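Down below is the structure, laid out as structure tokens.
The values are calculated or read from the model by the stated rules, or taken from the named source; none is laboratory data. Note that this is a predicted model, so its numbers are computed, not measured. Neighbour counts are summed over all protein chains in view; Cβ atoms, including those assigned to glycine, are modelled from backbone coordinates with ideal geometry. Accessible surface areas use protein heavy atoms only, side chains included; no ligands, DNA or RNA. Shrake-Rupley method; radii C 1.70, N 1.55, O 1.52, S 1.80 Å.
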Amino acid sequence: MISVEGLKIEFGVTPLFSDASFVINHRDRIALVGKNGAGKSTLLKILCGKEKPTAGTVSIATDTTIGYLPQVMILQDSTTVREEAQKAFSDIQDLKNRIDRMERQLNERNDYESTDYMELVEKFTSEHERYQMLGAEGYEAEVERTLVGLGFTREDLERPTSEFSGGWRMRIELAKILLRNPDVLLLDEPTNHLDIESIQWLEQFLAQSSSAVVLVSHDRAFINNVSNRTLEISCGKVVDYRVKYNEYVTLRRERREQQLRAYENQQKEIADIREFVERFRYKPTKAVQVQQRLRQLEKIVPIEIDEVDNSAMHLKFPPCLRSGDYPIICDEVRKAYSHLVFEHVNLTIKRGEKVAFVGKNGEGKSTLVKCIMGEIPFEGNLKIGHNVQIGYFAQNQAQLLDESLTVFQTIDNVAKGEVRLKINDILGAFMFGGETSEKKVKVLSGGERGRLAMIRLLLEPVNLLILDEPTNHLDMTSKDVLKEAIKAFDGTAIIVSHDREFLEGLVTKVFEFGGGKVREHIGGIYDFLQTKRITELSELNQASVIPAKTAPEKSFHTAASQPKSQPAVSLNYAEQKEQQKRLRKAERAVEDCEKKIAMMETRLKELDELLCDPKNASDMMLVTEYTDTKRQLDTEVEKWERLSEKLEQLQHN
């Protein structure tokens with residue numbers, strides 16, 4: 001669909017990469033990787049036509065549509081969430097308006113035999129058929145389904161977009177792009193503004209989408225679950241690995257080892273040739289051999305070794321004072337604006353604990369952090385422990401940097417005392433050494449800004465770290481180093497993050513925010529996700545939203561499988577016989593229902609496996625069968641619940 005040939009991009013005299021050639025095919029899932037500043041975002045802009053390359057061509061097949069989600073965009077505030085998302089179907093709405101106009105003209109005219117009238121009828125028929133083929137009648141349901149998948153509630157859909165934060169409005173833009181169903185999706189850091197549940201929904205959506213995807217993300221779990229191909233920008237080249245991200249990491253390591261061996265052999269060969277030349281340069285009898293060796297030396301093409309970022313930051317938090325045993329204690333903390341954010345928050349964080357705050361955006365994670373920091377008022381008691389010194393990294397801190405300053409000036413302005421003598425050392429540890437420290441903030445990439453903002457956190461010793469989305473815009477190397485530094489940190493850490501890979505092995509306790517409550521879960525992030533998934537299915541079954549095997553089995557123990565009570569002594573023989581007949585009939589009905597549920601669940605599992613296969617993702621017959629089966633299962637579960645209640649009543653009569 002998109003062919004790239006001999007692409008070259010340079011800023012000033014230094015090229016980001018050159019001679020890049022590759023093809024984006026139907027249903028490719030491409031992870032675009034490389035260190036911060038390598039040119040990933042620039043390449044996406046060139047693929048969608050937002051920028052022009054220095055040299056080379058980008059050829060796009062006729063009628064190929066492209067959807068592009070940048071890291072930062074200008075957002076509209078004049079509509080509701082639903083209306084803004086429906087703009088994805090503006091072409092369909094325009095078509096509907098044209099059909100309505102033609103229909104009115106047909107009703108108003110009576111020159112049925114004229115050529116103009118017949119042409120109008122023909123055009124109306126053609127446009128109406130096209131409208132039906134586009135599936136236009138169901139687009140409103142598709143809008144709602146996509147917005148709910150990205151974390152909006154149905155009540156949110158009628159609210160003005162101006163009431164939402166920048167992160168939520170970015171979700172609306174993502175929804176519009178997904179709803180257009182373009183042939184190629186170009187996504188630049190789509191997970192930065194999503195919570196864990198929405199990221200998992202997006203993974204599933206992309207797995208079933210028929211679009212090709214080119215993805216830039218520093219969420220290792222996300223890109224590994226989505227990708228089937230990896231393009232790496234390294235050493236000024238674009239290298240194509242036709243495997244998913246985890247396999248690429250292994251192949252890249254093996255490739256570099258081979259390059260190192262080949263490079264060492266070549267260097268030995270060059271050294272031997274030079275030694276021969278130096279030894280016999282001035283001997284006339286060896287003049288011919290010396291000239292041959294010199295020509296041989298000229299023909300050798302130097303072997304390049306894939307770039308490895310050996311300048312990775314060595315992050316170490318400075319020594320700090322020992323805090324009290326309990327740095328944070330919340331007792332019946334409550335916060336409300338025009339609506340309730342959370343209430344009855346009772347939690348205790350012990351010294352040395354590393355905990356995560358997780359939950360959907362808008363459920364109060366950052367709000368509780370602001371309460372801890374004393375930035376906003378609240379109800380209840382929130383006690384900061386003895387001798388606690390807080391270091392706070394805000395979610396938008398990288399965006400608050402002064403773009404007119406250089407990297408050095410940014411740190412020099414906030415450094416105090418002896419720290420000012422060590423600014424260059426600190427900048428070097430964060431890959432801002434040498435001339436890089438004189439760069440203006442405005443030319444830094446998102447990841448470089450994130451690292452610069454992180455430096456500010458290290459200028460003073462602290463014993464309680466509060467990090468609100470610290471990994472947004474950090475590359476994978478930087479995230480790994482930050483993670484190891486937090487592990488080694490002697491103090492206490494509260495981490496607000498949606499990055500599963502970053503939190504795994506780092507935190508030992510998870511606080512879940514949702515529904516106005518804060519719930520404590522002991523264990524790591526994947527322990528929490530596993531527990532939460534089971535809880536969710538159980539709750540959804542009780543609400544008759546989506547059937548799951550767990551909930552009916554649990555209920556069977558309370559109905560069909562429990563011991564049958566004996567008929568009351570006061571009943572006569574005829575009444576007892578009639579009740580037993582009704583009881584057996586109710587039991588058979590429940591058993592029949594259970595069999596149907598089991599069969600439909602088995603078929604749904606089979607269909608789910610089929611639809612997870614990329615070659616079947618666009619098979620509408622499978623999608624239709626899946627939807628119909630799911631609807632029938634909903635109905636059957638509701639029926640089973642009614643029959644089980646009836647059976648339970650009969651057993652207790």
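So here's what we get for this one:
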| item | result |
| --- | --- |
| Selection of chymotrypsin sites (Phe, Trp or Tyr not before Pro), region 215-282, meeting DSSP coil and at most 11 other Cβ within 10 Å | Tyr282 |
| Gyration tensor verdict on region 484-528 (Cα atoms; rounded if a/c is under 1.5, prolate if a/b is larger than b/c, oblate otherwise) | prolate |
| Farthest positive-ward along region 14-127 dipole, Cα basis, beta-carbon charges - from Ile66, Asn110, Gly37 | Gly37 |
| With every protein chain in place, region 17-66: carbon and sulfur % of accessible area (1.4 Å) | 46 |
| Mean Cβ count within 10 Å, highest first, over the residues of peptides 78-91, 624-637 | 78-91, 624-637 |
| Count of Lys pairs (Cα-Cα under 20 Å; at least 8 positions apart or interchain) in region 335-417 | 13 |
| Theoretical gain in end-to-end length, Leu610 to Arg130 [0.36 nm per residue, Cα-Cα removed] | 169.8 nm |
| Neighbour cut-off at most 11 other Cβ (10 Å), DSSP loop, chymotrypsin sites (Phe, Trp or Tyr not before Pro), region 317-411 | Tyr337 |
| Cut-off under 5 Å, modelled amide H: who pairs with Gly359 long-range | Ile196, Phe513 |
| Neighbourhood net charge (14 Å Cβ-Cβ; Lys/Arg +1, Asp/Glu -1) for Ile329 | -2 |
| Neighbourhood charge, 12 Å Cβ-Cβ cut-off, centred on Ala31 and excluding it, Lys, Arg +1 and Asp, Glu -1 | +1 |
| Computed label-point distance, nm, for sites Gln267 and Asn97 using a 7 Å Cα→Cβ extension | 6.8 |
| Charge sum, other residues only, whose C-beta stays under 10 Å from Thr230's C-beta, Lys/Arg counted +1 and Asp/Glu -1 | +2 |
| For region 316-409: rounded, prolate or oblate by the Cα gyration tensor [a/c cutoff 1.5] | oblate |
| Computed FRET value (nearest 0.05) for Arg603 with Asp325, which takes r as the C-beta separation and R₀ as 51 Å | 0.40 |
| Distance between modelled label sites at Gln291 and Asn387, nm, 7 Å Cα→Cβ extension | 8.2 |
| Cα shape, region 228-268, gyration tensor, a/c 1.5 rule | oblate |
| Lys350/Glu460 FRET efficiency (R0 25 Å; Cβ-Cβ; nearest 0.05) | 0.60 |
| Sequence-distant lysines (8 or more away, or on other chains) whose Cα lies within less than 16 Å of Lys50 | Lys8, Lys40 |
| Full-stretch length increase - Lys630, Lys595 - with 0.36 nm per residue and alpha-carbon distance subtracted | 11.1 nm |
| Virtual spin-label span in nm between Arg256 and Glu403, 7 Å along Cα→Cβ | 3.4 |
| Computed FRET value (nearest 0.05) for Ala55 with Ile522, which takes r as the C-beta separation and R₀ as 60 Å | 0.55 |
